[in-house]
1. If we scan the range 62-69, do we find a residue that is assigned to a helix (DSSP H, G or I), more than 15 Å from Ser84 (Cα to Cα) and in contact with a Phe, Trp or Tyr (Cβ under 8 Å, 6 or more places away or on another chain)?
2. Can you name the residue in the range 115-144 that is in a loop (DSSP other than H, G, I, E, B) and polar (S, T, N, Q) and is also farthest from Ala38 (Cα to Cα) among such residues?
3. Can you work out which of the residues in the range 26-38 that are assigned to a helix (DSSP H, G or I) and touching a helix residue (DSSP H, G or I) at 6+ places or on another chain (Cβ under 7 Å) is nearest to Gly75 (Cα to Cα)?
4. What are the residues in the range 33-55 that are buried (at least 18 other Cβ atoms within 10 Å of the Cβ) and of a type in the set (A, V, I, L, M, F, W, C), if any?
5. Would you call Asn90 touching a strand residue (DSSP E or B) at 6+ places or on another chain (Cβ under 9 Å), outside any loop (DSSP other than H, G, I, E, B), surrounded by 14 or more Cβ atoms within 10 Å (Cβ to Cβ) and at pLDDT 90 or above?
6. Quick check, is Ser274 modelled with pLDDT of 95 or more, out of contact with any Pro (no Cβ under 8 Å at 6 or more places or on another chain) and of a type in the set (Ser, Thr, Tyr)?
7. Which pairs turn up if I take residues in the range 315-328 that are assigned to a helix (DSSP H, G or I) and look for partners that are surrounded by fewer than 17 Cβ atoms within 10 Å (Cβ to Cβ) with beta carbon separation below 6 Å, at least 6 apart in sequence or on another chain?
Amino acid sequence: MVLDPRRNPKLANALRLLAPGTDLRLGINDIIKGHLGALLVIATPAEIEPLCSGGLALNIPFSSQMLYEVAKMDGAIVVDADLSTILRANVHLMPDARMPTSETGTRHRTAERVARQTEAIVVAISQERDTVNVYTGGSRYQLDSIGELLAKATQGLATLQGHRAQLDKGADELTTQELRGDVALDDVLNVLQRAEMAARMIGEIERNVTELGLDGRLVAMQLVELSEGVEEERLAIICDYRNPDATEDNAMVLERLAALRYGELVELSCVARSMGFGDRASVELRPRGYRALAQVASLTEEETERIITSFPSYAALMRATLRELQAVEGISSTDAAEVQQGLRRLHDRHLRAGG
């Protein structure tokens, strides 16, 4: 499975600094337009000084214009970690030559080794190809153009919209089956599968939005609408149906799902094993009530647990009276009324309206 390198928190932070609209990105764009190459190191003075030789000590305020001007000199540019000061220019960097590198060009080999040897963010701008590569630790990432990123984000939104439509449809059908007392494992797995697919696509689009910076505002607005409730649905399904005899907790299921390759995720048997079910044919399921409560009231995890443990079964929870809910320790009269009314509406919407 090829993972998006932007999952690396250090690289994600670097991309925020480099996002369109920032002074740093404006300076880099000017360097590219000027057909210049550059090696930019963003680090604290203490960690980068041992690798520096020669050059000019500047200690001048950082700005996109000044970054462009000092890029006209040979050698590396060193900027303070908070992007407030251009510390040095025309610097010769001397990282440990024993540091592994997969790069071939001198500038890029130096960039990768410096990033591996320090906590610095290193940006290599190629004069010949007008490309920008970002190095953090062992990660290397080439910045896409704004047009390419927007195309990826738009395609991602369309894919997410499809996953979301199927997720919502499957979730509604599952709720109806729960109320009727006839839940099949494959139906549970189908909803969980769609929730996981949607969650993965949300993560990818979020990374595109981060890299797009100000240019990703419209995508971000659409993403908020399409992602609402996805994480909650995924977690509620796990809470309701995971096999406690084969899974330690909800986090274990989430980790197992995250480890599935896409080809495995589309196989319900793999999703079943993530939930602790090795044999799908002999499983009899009964919901615990987490999905129902998530749909009808805004409760904390503790409040939800108190309500779930106060009723012996899902059916008992759905029949709960206001007095019974008010008797649950830690549940206010307002929350009890909201839950009782919400469960009643849930029942009516999925059974009476549906015939």
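1. There is no residue in the range 62-69 that is assigned to a helix (DSSP H, G or I), more than 15 Å from Ser84 (Cα to Cα) and in contact with a Phe, Trp or Tyr (Cβ under 8 Å, 6 or more places away or on another chain).
2. For the range 115-144, the residue satisfying everything is Thr118.
3. Ile31
4. The answer is Ala38, Leu39, Leu40, Val41, Ile42, Ala43, Ile48, Leu51, Cys52.
5. yes
6. yes
7. Sorted first by the residue in the range 315-328, then by its partner, the pairs are Gln326/Ser333.
Listed here are the residues, each with its yes/no results for (1) at pLDDT 90 or above; (2) closer than 30 Å to Glu264 by Cβ; (3) out of contact with any strand residue (DSSP E or B) (no Cβ under 7 Å at 6 or more places or on another chain).
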| site | (1), (2), (3) |
| --- | --- |
| Val2 | no, yes, yes |
| Ala19 | yes, no, yes |
| Arg25 | yes, no, yes |
| Ala38 | yes, no, no |
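The values are calculated or read from the model by the stated rules, or taken from the named source; none is laboratory data. Predicted model, so just to flag it, every value in this text is computed and none were measured. Because the Cβ atoms are built from the backbone with ideal geometry, glycine has one as well, and the counts that use them run over all protein chains shown.
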